[in-house]
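A quick write-up on the structure given underneath.
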Amino acid sequence: EIYYWTNKGLADARLSYRTADVDSMEPTTTADGAASWIPASTTRPSSTIIPDSSLDGMDFAQAIPRLVASLTEHGWNHERVHMLAGFWGALMLHRYWNSDDPLDWRTLLLYQEEQCWAWHQAI
């Protein structure tokens, strides 16, 4: 969800992800099936997640640069990051993006959500 990179999502993370023990760890299983330990603060989902298709344009526009930077910092394949950045940039340049009708940009955000889900399933 792009929500996690919005101003609201970051503020929620700062408030909601505190633990009594900042060093607490929780077990998890890695992609190859091996056991691993991760910080407990990273395992708690937000209670206020907003689906991509329900974000407003400002939240989306603020989140995308943070998301692209995060993907790059965490070693995502450069071609995939570039593809996503280009896709999101094209959405924000689409004539519907600045429309007076909220349905127009909601349509773009719904399309974005569906396409990212399809890409996620494909890779």
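Things to note:
- Among the residues of region 64-115, those that are surrounded by 14 or more Cβ atoms within 10 Å (Cβ to Cβ) and basic (Lys, Arg) comprise Arg66, Arg106.
- The residue that is farthest from Tyr4 (Cα to Cα), counting only those in region 61-120 that are in contact (Cβ under 8 Å) with a residue 60 or more places away in the chain and touching a Ser or Thr at 6+ places or on another chain (Cβ under 9 Å), is Gln112.
Residues checked against (1) touching a helix residue (DSSP H, G or I) at 6+ places or on another chain (Cβ under 8 Å); (2) not aliphatic (A, V, I, L, M):
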| position | (1), (2) |
| --- | --- |
| Asp56 | no, yes |
| Phe60 | yes, yes |
| Thr72 | yes, yes |
| Gly75 | no, yes |
| Val81 | yes, no |
| Phe87 | yes, yes |
| His94 | yes, yes |
| Ser99 | yes, yes |
| Leu103 | no, no |
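- Within the option set Thr19, Thr30, being within 24 Å of Trp119 (Cβ to Cβ), touching a strand residue (DSSP E or B) at 6+ places or on another chain (Cβ under 9 Å) and at pLDDT below 90 holds for one residue only, Thr30.
- Residue within region 33-53 that is within 12 Å of the chain's Cα centre (by Cα) and farther than 20 Å from Lys8 by Cα present: no
- Residue match in region 79-87 (condition: part of a helix (DSSP H, G or I) and closer than 18 Å to Asp104 by Cβ): yes
- Count of region 48-60 residues which are part of a helix (DSSP H, G or I) and free of Cβ contacts under 8 Å to residues at least 40 places away in the same chain: 1
- The test for being of a type in the set (A, V, I, L, M) and surrounded by 13 or more Cβ atoms within 10 Å (Cβ to Cβ) does not hold for Ala118.
The values are calculated or read from the model by the stated rules, or taken from the named source; none is laboratory data. On a predicted model such as this, the values are computed, not experimentally measured, just so you know. Using ideal geometry, Cβ is built from the backbone for each residue, glycine included, and neighbour counts are taken over all protein chains shown.
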